[in-house]
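The values are calculated or read from the model by the stated rules, or taken from the named source; none is laboratory data. None of the values given here were measured: they were computed from a predicted structure. We place every Cβ from the backbone using ideal geometry, glycine too, and count neighbours over all the protein chains shown.
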Amino acid sequence: MKWTFDNYLGFQLRVLSFMNGGAFTYSDVKKYFKNPADPEHSPSQMLTKLYQKEFKAIWAWDSYNDRTHLHLNRVVTSLGGDRQKVRNKWVYRLTPNGFITGA
């Protein structure tokens, strides 16, 4: 499978949602996407490369909070999730089911 920015971000958000029981915030995303053990292969690095390739932009996809929230909201809603403002933070919700059932 050839990754696109939205497909890869959606995949990573589903994994994060599974690990957090279905809800996560932007700070959870930042913490999960940074992998200090292997910074070259962290999800953040991969997303930056895909963003630059797809959107022809030279900045990191997560360099501004408002841009990051736009991308997160777009991908979460396309996956059937939603977001809600809780106090002063956006909380994103995806189905935490990480297993394929039925078929």
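Can you confirm whether Phe5 is within 12 Å of the chain's Cα centre (by Cα), aromatic (Phe, Trp, Tyr) and at pLDDT 90 or above? Criteria met by Phe5. Ile100 fulfils the conditions (1) at pLDDT 70 or above; (2) under 20 Å from Tyr8 (Cβ atoms) except for a single criterion, (1).
Would you confirm, using the coordinates I've provided, whether Asp66 is surrounded by fewer than 17 Cβ atoms within 10 Å (Cβ to Cβ) and either in contact with a helix residue (DSSP H, G or I) (Cβ under 6 Å, 6 or more places away or on another chain) or within 20 Å of Val86 (Cβ to Cβ) (or both)? Judged against the criteria, Asp66 is a match. Scanning the stretch 1-31 for residues that are assigned to a loop (DSSP other than H, G, I, E, B) and in contact with a Lys or Arg (Cβ under 7 Å, 6 or more places away or on another chain) gives a single hit, Gly22.
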